[in-house]
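A short reminder: the numbers here are calculations on the coordinates, not readings from a lab. Note that the structure is a prediction, hence the values are computed from the model and not measured. Cβ placement follows ideal geometry from the backbone for every residue including glycine, while neighbour counts extend to all protein chains displayed.
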Amino acid sequence: MDLFYLGIDRANARFDEGVADESRHTFGVRFWRNGSGLLYNFEAGYQSGKFGRNNIRAWGASSEVCNILKREILSMTSYRSTRTVFS
């Protein structure tokens with residue numbers, strides 16, 4: 001398990017909403033496993049802060065899951081395909 005924090009504090013940040021001072025704080029957690037067999041990566045984060053006088057509150061989550069099979073299983077017999085064309 002990984003815990004993380006990302007922070008930014010900028011003066012005169014420019015967005016579609018306008019130009020203002022920006023302060024953001026993102027807190028998150030990540031659960032992951034790498035190697036062989038079942039691999040996964042789950043992440044979730046919460047963001048708070050201010051843009052000018054407006055409050056920022058946001059969250060996000062993502063996941064990736066896959067299974068790595070042994071090399072012997074993945075080697076398959078190749079087959080020839082034939083194509084018949086009629087005219």
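Sorted by average packing, counted as other Cβ atoms within 10 angstrom per residue and highest first, what order do 1-13, 20-32 take?
Result, highest mean Cβ count within 10 Å first: 20-32, 1-13.
Amide H neighbours of Ile56 under 5 Å, at least 5 residues apart or on other chains, H built in the peptide plane: list them.
Gly49, Lys50, Phe51
5 Å is the cut-off here: which amide hydrogens, built 1.01 Å from N in the peptide plane, fall below it relative to Ala13, excluding neighbours closer than 5 in sequence?
When sequence neighbours closer than 5 places are left aside, the close amide H contacts are Ala20, Asp21, Glu22.
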